[in-house]
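Notes follow once the structure below has been shown.
The values are calculated or read from the model by the stated rules, or taken from the named source; none is laboratory data. On a predicted model such as this, the values are computed, not experimentally measured, just so you know. Every residue, glycine as well, gets a Cβ built from its backbone with ideal geometry; the counts of neighbours run over all protein chains shown.
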Amino acid sequence: MIHTLTPDLEREVERRSGQKPRNCYQCGKCSTGCLFSFAMDVLPHQVIKLVQYGQKERLLSSATIWICASCETCTVRCPNQIEVARVIDTLRQMALEEKATPAVRNIPLFHKCFLGNIAATGRISEPVLMGSYKTFSGDLFSDIGLALNMLAKGKIKIIPPVIKGRREVRRIFREALR
Amino acid sequence: MRAYAYFPGCSQGSSAHEYGESARAAAEALGIELREIPDWSCCGASSGHMTNHLLSVALPARNLAIAAEMGLDVAVVCAACYNRLRGAQKELLEDEGLASRVEEVLGRDPRFRGEVLHLLDIIFRHVDLEELKERVSAPLKELRPVSYYGCLMARPRGLMTEDNPEYPVRMDRLLEALGAEVRPWSYKTDCCGGSLSLTRTDVVVKLVNRLFEAAEEADANCIVTACPMCLANLEMRQSEGALSFRVPHQLPVFFFTELIALALGLEEARSWFPKHLIDPQPLLRGAGLI
Amino acid sequence: MSAKKARKKDQQLPESGSPVGAALVVGGGVGGIQASLDLVSLGYRVYLVDSGPSIGGVMGMLDKTFPTNECSMCILSPKMVEVASNDNIEVITLADVEDIAGEVGDFTVTVRVRPRYVDVEKCTGCGDCTAKCPVKVPNPYDAGLGITRNIRVPFPQAVPGAAFIDPTTCRYFTKGKCQNCVKVCQAKAIDFEQKEEIRKLRVGAVIMAPGFSPFDPRLKPEYGYGVFPNVITSLEFERILGANGPTSGHVIRPSDGKEVRKLAFVQCVGSRDCLVDRGYCSSVCCMYATKQSLIAKEHLATVEPTIFYIDLRAYGKDFERYYQNAASRHGVRYVRGLVSGIREKQKTRNLLLRYLDDAGCMQEEEFDMVVLSIGLEPPRGLADGLGLGLNEHGFVESDKFRIFQTTREGVMVCGAAQEPRDIPDTVTMASAAAARASQIMHAARGTLLTRTEYPPERDVRGEEPRVGVIVCRCGSNIGGFVDVPQVVEYARTLPGVVWAEERIYACSQDAQEWIRQKVKEHRLNRLVVASCTPRTHQPLFQETLRTAGLNKYLYEMANIREHCSWVHMQEPDKATRKARYLVRMAVEKAGLLEPLQEGESEVIPRSLVLGGGVAGMNAALSLARSGFPVYLVEKEEELGGLARNIRVSQKGEDVQAYLDQLVSEVQREELISVFLGHRVVDIGGYVGKFRTLVRDREGRESLLEHGAIIVATGGRQHLPEGAYLYGKDDRVITQWDLEERLEAEVAVAPRSVVMIQCVGSRDDRHPWCSKVCCTEAVKNALAVKKRWPQAQVFVLYRDIRTYGFREDLYRQAREEGVTFIRFADGDTPTVNDLGVKLQVAVKDASLGGETVYLDADLLVLSVGVEPNLDNAELAPMLKVPLNADGFFLEAHMKLRPVDFSTDGVFLCGLAHAPKSIEESVAQAVAAAARAETILSKDRIITEGVVAQVNEAACSGCRICVSLCPFEAITFDESKGVAQVNTSLCKGCGTCTAACTAGANRIQGFRFDQIVSQIVAASKAWSD
């Protein structure tokens, strides 16, 4: 049930992303083309509708904003030229800023580990990334078999690469996360 | 030799090692020099793009700024890096306010006025397919690949590769020139699941199996791709599970550069195949290619 | 002298200052054809130019038309034949208009005519050349499916029915050798020396009817057109469904020729799509997809069609019923939600489509074939150098109220070139354009028409029948299968035959001269031609007979081609035997033929217009400006009708200013006599001679005499007593009320306005769509936003039917922040009075039916249009029918949208069906044109083949009176017998067949004539 409608969320999304969810005429192409829709609780065309309604809480706490992989299939097909993936990106960024409780916890966690790795050394090291993510998510064993396989084939470089310009990279992070 | 500022991308360091090696070898054989961007850093890939706008632009921008100092166009081999670098370039050239802010943070000018191209595009620019055919010493006759471009190479429309965004054909043409019997299929740009590989493996498994089923339905015996993340997902994620070694779909997955090297008779190609998680050697042996 | 030769003579120059009495029609589709026929009926010479080798346009390529599912070519080709046989219409094909110089009334148009390489006068369309042509080309008439040869007649019913050569692929032109066609052409019609010609035509008015181009779906690569063989366009599918198409109507698919079971339609391909710069709606695709689904099922009952759509735009007359029946009774599945991208299975070439089902779950389904419902684009090369304004979408820009008027005075437009539209609207616009042209040229009416001078008719009464028989070979079409000499020999033995000969092409120009000679030489008084179909050739031979000095009804035709040689190709012996008895039948009847006289009836050159609204006033003005007096009868005390309630039109124009202007023009016009406050009491008479009695409130009566009637009695607004608290709460209003409030002073601006669509439309009691309400709502929503920018506006709808360029208004409304919420059919919103505000609860179908509560300061109901309550009383007086919904029923839904079956009565405006103001204007002016075709004649010539009642035998049962579809039979009370009005009788034979007393007979098809044919056939078979 939706009781109160407010234009605030749409204005915010438009300001940040330049996209206009109000232009949507609910053709459904974004949703029928979305390969990840089976794992979403709110479908892309519904996301656009709910932004128009101002249902911020609902959207920021949805699984959809984390499941979306930005494959941009929706963006490229929208007849009203709405970059749907970008609207979802914006909602996700807002969720992180407002520290909303994510519906799918391990995805933002993964992003944090990924970005933490870059901030530390400048490049991704798969063992470092795997290690930190698995530790923090508590999901230690799901890819053991895979890890062993890769180790055996020499696909894992244990020693992480570290670049000279680490400081520059850290500066970028400091500025971005202010 | 045409020289390009080469952005390898983080996966070259480990799981996509063969890709990096084969890219270099193939490029060299085709007269393209890949000069690594010194001290390059991660482009941020999906994680940057999805969580913070400034990160998504500034991380790639650093590399573009260094490449600008080299005075060369940029070559990438990873579709995700390709998407991020081009995306950032466009935004910085169009939004002056953003460009100034990033310049301040980086201490370098992030406005890159050269071109950022995927190796596939570069090959198409510089190599005449008819001539390439002449140079092939080991035609890939018994290989029946489907070309898998992945979602990031083709989208957004207008920004990415000049090929048809829904139905690209460059890789197909290249493989045909190398003698392969390319199988047509319509899943060329369907996402493999991308960065959800670790976090929502179930989603990736579903999408990966969908791709394998379609490839088999198309009567293919291998899949060729141009993105290391796609290859990793395809090889690793047919099923979830702690100790799963065996996979239902035994289609090997190649990087297109591996096949270029193989067809051109480069010896080092042999060293890459044992590293694949789905062993391509039986297929290649059967085809008389190794 | 042949009338055809008269055509190319230099035109006579009119006196300076007066207009040229000829018109140019650019484009030979159904719009151009209608305009040409109307213009020539109105007394003007016509040049009909088409860039292709034949007229017919896209309508000629369709299999069936909605919403009646009639065969397209069957209703179009009679009009094409009319054009062909009319000496005052010159058809110029393979031609392009390059420049229009001059001004209204006197234009000089430069036309570049490409060479056909075939002499149209000599070519008989026999097809021998096509059979021998070595060059194979994809057939453009079959939308590229199917292969044909370079030299060909474009399609069987082509006009001109002659072959043409495409020089770009012809072997002789490209490689220098061949000319197979020349070798086999027995009519010696091929001429490789023909050159391009530049013609300068002097005309008083120009009507543009160039049609549209289909959208190229390669611009939407996600659908795989051009890559997946089983993804085709709607035009290609139309050809597959066509009986004369590449698959002979079998519903099979391109990749393997398998029958199609699961068929999908994807709507809005190249329409409503800003991504490909085609933001407008193409108006017809929802309906044509429904039609194609129904027809596919008719051809093959196992077909399972599914239509994937955004909004189902079934807005026209009878469209909603057609759609609902398709869904509920004929197995057409409609799925809301557009398909995003199509995937293909490589082994079967089947297609995989994903969609959301009713429960909101994603489904993937396999289909055998997918049809892309492609949009309509402006025609190519439009208006370069023609001085015409184009709108933002590239279509011809027109006046806001008179959509048939371009930005250039004297140049009119009709059809899809101005805006995507369907056939009835195109035909209407074509007539309207002709009316406007007549206003310009009427001073020169008739001055450039060639009238054939006929020799006096020889009186053959009392003579013994002297029958001449011509057996035509038709090249090898007949001669290759039927033993023609044998048939000729047989004919010579038949009683009454004094002369029989064969001819290679009986229809050729030189053959007509030969026939005239033989008629004289052998003193023939009856003629039988054994050749092809009377549908195309009867008028030709009748004309020849007349120019030979004989009554044209002394002619009989035996079809030994379509009815014989073409269907019995494998059995030449039997074919010959059949040809003999067909000839005998014709000869028998010929002996019993009598000369028939065509009657004449006077015409009172005045019209009655019933109704003084927008439609009525426009009709009256149009006729008056062509020089005809009009009686305008209006039941209210003032003119204006329902438009008095509308402030602003859909195109943003000031409606009240327009109305005031119309009213003052009507009042100033001397030729219009206005009867305000008058109602119709009785209507008597028939076409040309009507008598109408009208009476005002005080009982004063007037008897009006006139030649034609235009019904423009309008409609009325539905008032939803009680529904949604209407009538109980003054915050619940209609759109008209809202228009008033937008002008008025308000104490407090509304903060929230909610509009509900389809109130009193698309329901059990009103099963039609009122067409204008979606656009009105959008228009008013924008007006609300403009006046009160802080207000929130919500529109609750089932389908948004903003067709054509109205889609731009819908997009604008969304951009301005109007929120549109869809509810499922049957899930109507509810209203609660919470005192300080109203609360509307709507189940948002996009969110799976989740209820959204909206506060409303104003609840605006988009109520529907209902028929005028007077219709039931007027219809029997006019002798015209009403349809099931209570609106007047026109003669033919596709090709005669403003005519009634009853001659002399015409229809326009809301009386016909709900429509917008500019559509009413176009229909009104069209009705005026049609009325003018009668009023401009001094007399009406009536058919010779009419019914006749033998009064002595008539029993007075009156069966014929009730059966006559043309209201042509009346009952004479004093004599107690039926009487046929030959002015109205069309000779259909219904009354004759029904008459139990045998008192009714059709001249030319008498009982004894028909029985003699049957007897002759059996005799001949046993001979």
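Odds and ends about this structure:
- Verdict on residue A:55 being touching a residue at least 40 places away in the same chain (Cβ under 8 Å), within 8 Å of chain C (Cβ to nearest Cβ) and surrounded by fewer than 24 Cβ atoms within 10 Å (Cβ to Cβ): no
- Residues being in a loop (DSSP other than H, G, I, E, B) and more than 18 Å from residue B:2 (Cα to Cα) - total across region B:14-43: 9
- Given (1) touching a His at 6+ places or on another chain (Cβ under 6 Å); (2) within 14 Å of chain A (Cβ to nearest Cβ), index of the condition residue C:268 fails: (1)
- Residue C:810 vs. criteria surrounded by fewer than 23 Cβ atoms within 10 Å (Cβ to Cβ) and part of a helix (DSSP H, G or I): no
- Hey, residue C:758 within 27 Å of residue C:360 (Cβ to Cβ) and more than 13 Å from chain A (Cβ to nearest Cβ) or not: yes
- Residues of region A:52-76 satisfying the condition of being assigned to a loop (DSSP other than H, G, I, E, B) and within 29 Å of residue C:793 (Cα to Cα): A:54, A:55, A:61, A:62
Here is a yes/no grid of residues against (1) in contact (Cβ under 8 Å) with a residue 40 or more places away in the chain; (2) within 19 Å of residue C:590 (Cβ to Cβ); (3) touching a Cys at 6+ places or on another chain (Cβ under 9 Å):
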{"position": "C:460", "(1), (2), (3)": "yes, yes, no"}
{"position": "C:464", "(1), (2), (3)": "no, yes, no"}
{"position": "C:467", "(1), (2), (3)": "yes, yes, no"}
{"position": "C:478", "(1), (2), (3)": "yes, no, yes"}
{"position": "C:482", "(1), (2), (3)": "yes, no, yes"}
{"position": "C:485", "(1), (2), (3)": "no, no, no"}
{"position": "C:494", "(1), (2), (3)": "yes, yes, no"}
{"position": "C:498", "(1), (2), (3)": "no, yes, no"}
{"position": "C:502", "(1), (2), (3)": "no, yes, yes"}
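- Scanning region B:107-152 for residues that are closer than 21 Å to residue B:93 by Cβ and within 14 Å of another protein chain (Cβ to nearest Cβ) turns up B:107, B:108, B:109, B:110, B:152.
- Residues of region C:558-595 that turn out to be surrounded by fewer than 16 Cβ atoms within 10 Å (Cβ to Cβ) and part of a loop (DSSP other than H, G, I, E, B), as a count: 5
- Taking region B:49-85 as the range and being away from chain A (no Cβ under 11 Å) and surrounded by fewer than 24 Cβ atoms within 10 Å (Cβ to Cβ) as the test, the residues that pass are B:68, B:69, B:70, B:71, B:72, B:73.
- Residues in region C:264-284 include at least one that is part of a helix (DSSP H, G or I) and of a type in the set (A, V, I, L, M).
- Test for residue B:46: is it within 14 Å of chain A (Cβ to nearest Cβ), touching a helix residue (DSSP H, G or I) at 6+ places or on another chain (Cβ under 6 Å) and surrounded by 24 or more Cβ atoms within 10 Å (Cβ to Cβ): no
- Of all residues making up region A:1-29, the number that are over 15 Å from residue A:59 (Cβ atoms), at the interface with chain C (Cβ under 10 Å from one of its Cβ atoms) and not in a loop (DSSP other than H, G, I, E, B): 3
- Only listed residue being on the phi < 0 side of the Ramachandran plot and surrounded by fewer than 23 Cβ atoms within 10 Å (Cβ to Cβ), chosen from C:508, C:531: C:508
- Residue in region A:37-51 that is farther than 29 Å from residue C:308 by Cβ and not hydrophobic (A, V, I, L, M, F, W, C) present: no
- Qualifying positions in region C:345-382 - among the basic types (Lys, Arg) and in contact with an Asp or Glu (Cβ under 8 Å, 6 or more places away or on another chain): C:345, C:347, C:349, C:354
- Filter result for the condition that a residue is within 9 Å of chain B (Cβ to nearest Cβ), free of Cβ contacts under 8 Å to residues at least 40 places away in the same chain and either outside any helix (DSSP H, G or I) or surrounded by 18 or more Cβ atoms within 10 Å (Cβ to Cβ) (or both), over A:124, A:107, A:118: A:124
- The listed residues are B:166, B:181, and the only one of them that is within 12 Å of chain A (Cβ to nearest Cβ), part of a loop (DSSP other than H, G, I, E, B) and more than 15 Å from the chain's Cα centre (by Cα) turns out to be B:166.
- Listed by first and then second residue, the pairs linking a residue in region B:103-119 that is assigned to a loop (DSSP other than H, G, I, E, B) and at pLDDT below 95 to a residue that is among the β-branched types (Val, Ile, Thr) and surrounded by 24 or more Cβ atoms within 10 Å (Cβ to Cβ), with Cβ atoms under 7 Å apart and 6 or more places separating them unless they lie on different chains, are B:110/B:102; B:114/B:74.
- Residues of region C:241-290 satisfying the condition of being touching a Lys or Arg at 6+ places or on another chain (Cβ under 9 Å) and of a type in the set (Phe, Trp, Tyr): C:280
- Of all residues in region C:218-264 being farther than 17 Å from residue C:138 by Cα and of a type in the set (Asp, Glu), the one that is nearest to the chain's Cα centre (by Cα): C:259
- Residues in region C:489-542 that are in a helix (DSSP H, G or I) and over 22 Å from residue C:160 (Cα atoms): C:489, C:490, C:491, C:492, C:514, C:515, C:516, C:517, C:518, C:519, C:520, C:521.
- Test result for residue A:33, touching a Leu at 6+ places or on another chain (Cβ under 9 Å), closer than 25 Å to residue C:337 by Cα and outside the structural domain of residue A:139 (by TED's automatic domain parsing): no
- Listed by position, the helices (runs of 4 or more DSSP H) inside region C:901-996 whose residues that are free of Cβ contacts under 8 Å to residues at least 40 places away in the same chain number at least 3 are C:959-963, C:990-994.
- Taken together, C:567, C:519 contain a single residue that is of a type in the set (Val, Ile, Thr) and free of Cβ contacts under 8 Å to residues at least 40 places away in the same chain, which is C:567.
- Checking each residue in region C:941-982 for being modelled with pLDDT of 90 or more and on the phi > 0 side of the Ramachandran plot picks out C:956, C:958, C:976.
- Listed conditions (1) modelled with pLDDT under 95; (2) closer than 30 Å to residue C:600 by Cβ; (3) surrounded by 15 or more Cβ atoms within 10 Å (Cβ to Cβ) are all met by residue C:684, apart from (3).
- In region A:127-155, residue modelled with the lowest pLDDT [restricted to those that are closer than 24 Å to residue A:61 by Cβ and more than 7 Å from chain B (Cβ to nearest Cβ)]: A:139
- Residues in region A:84-103 that are surrounded by fewer than 22 Cβ atoms within 10 Å (Cβ to Cβ) and at the interface with chain B (Cβ under 7 Å from one of its Cβ atoms): A:93, A:96.
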